[in-house]
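Asks: Encoded as structure tokens, here's the structure I'll be asking about.
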Amino acid sequence: MSKRIFVVEDDEDIARNIVDLLEAEGYTVEHACDGKVALEKLRACRNLPDLILLDLMMPTMDGFRFRQEQESDPRFGAIPVVVMTADGHIEAKKQKIGAKAFVRKPIDIDTILGVVERFVAVN
């Protein structure tokens, strides 16, 4: 069974590129366009993801609020999160929300694959 990655990203082009890349590497990938939709999908999910790639700046519900909600739910609060952002203060924000790692935008293919593989290797 392939490892599951959940991409929470509001930019459709970025999301599609990440989804296509990860699927080509053998991962099963789900996408949500903002934190609210992501929480709805997680709550309805039978097979939880092994890793969440999370944009911070999104409409409706940003990554900070999503992370608060995620951590408060015992069912999926422990799923590791990797922050994706163009913000220059990414290390401080990663620590603030308790993310395991971060990836700078624009996203480098080797960097994102390395970060994902560090947390979930395809068997």
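Asks: Working only within the stretch 109-123, note down all residues that are of a type in the set (A, V, I, L, M, F, W, C) and assigned to a helix (DSSP H, G or I). Steps first, please.
Replies: Step one: of the stretch 109-123, the residues of a type in the set (A, V, I, L, M, F, W, C) are 109, 112-113, 115-116, 119-122.
Within the stretch 109-123, Ile109, Ile112, Leu113, Val115, Val116, Phe119 meet the criteria.
Asks: Tell me which residues, restricted to the stretch 44-56, are surrounded by fewer than 16 Cβ atoms within 10 Å (Cβ to Cβ) and either in contact with a helix residue (DSSP H, G or I) (Cβ under 7 Å, 6 or more places away or on another chain) or modelled with pLDDT of 95 or more (or both).
Replies: Once the filter is applied, which keeps residues that are surrounded by fewer than 16 Cβ atoms within 10 Å (Cβ to Cβ) and either in contact with a helix residue (DSSP H, G or I) (Cβ under 7 Å, 6 or more places away or on another chain) or modelled with pLDDT of 95 or more (or both), the stretch 44-56 yields Ala44, Leu48.
Asks: Hey, any hits in the stretch 86-97 for a residue that's in contact (Cβ under 8 Å) with a residue 40 or more places away in the chain and small (Gly, Ala, Ser)?
Replies: For the stretch 86-97, residues in contact (Cβ under 8 Å) with a residue 40 or more places away in the chain and small (Gly, Ala, Ser): absent.
Asks: So for the stretch 13-26 (the condition being open to solvent by 50 Å² or more (accessible area, probe 1.4 Å), under 14 Å from the mean Cα position of the chain (by Cα) and at pLDDT below 95), does at least one residue qualify?
Replies: For the stretch 13-26, residues open to solvent by 50 Å² or more (accessible area, probe 1.4 Å), under 14 Å from the mean Cα position of the chain (by Cα) and at pLDDT below 95: absent.
Asks: Could you tell me which of the residues Ala78, Ala92, Ala32 is among the hydrophobic types (A, V, I, L, M, F, W, C) and either open to solvent by less than 30 Å² (accessible area, probe 1.4 Å) or under 12 Å from Val7 (Cα atoms) (or both)? Quick ask: steps written out before the conclusion?
Replies: Values: Ala78 fails: either open to solvent by less than 30 Å² (accessible area, probe 1.4 Å) or under 12 Å from Val7 (Cα atoms) (or both); Ala92 fails: either open to solvent by less than 30 Å² (accessible area, probe 1.4 Å) or under 12 Å from Val7 (Cα atoms) (or both).
Checking each option against the conditions leaves just Ala32.
The values are calculated or read from the model by the stated rules, or taken from the named source; none is laboratory data. The shown structure was predicted, so the numbers you read here are calculated from the model rather than taken from an experiment. Quick reminder, even Gly has a Cβ in these numbers, built from the backbone with ideal geometry, and neighbours come from all protein chains shown. What goes into the accessible areas is simple: the full protein's heavy atoms, side chains included, and nothing from ligands, DNA or RNA. Shrake-Rupley method; radii C 1.70, N 1.55, O 1.52, S 1.80 Å.
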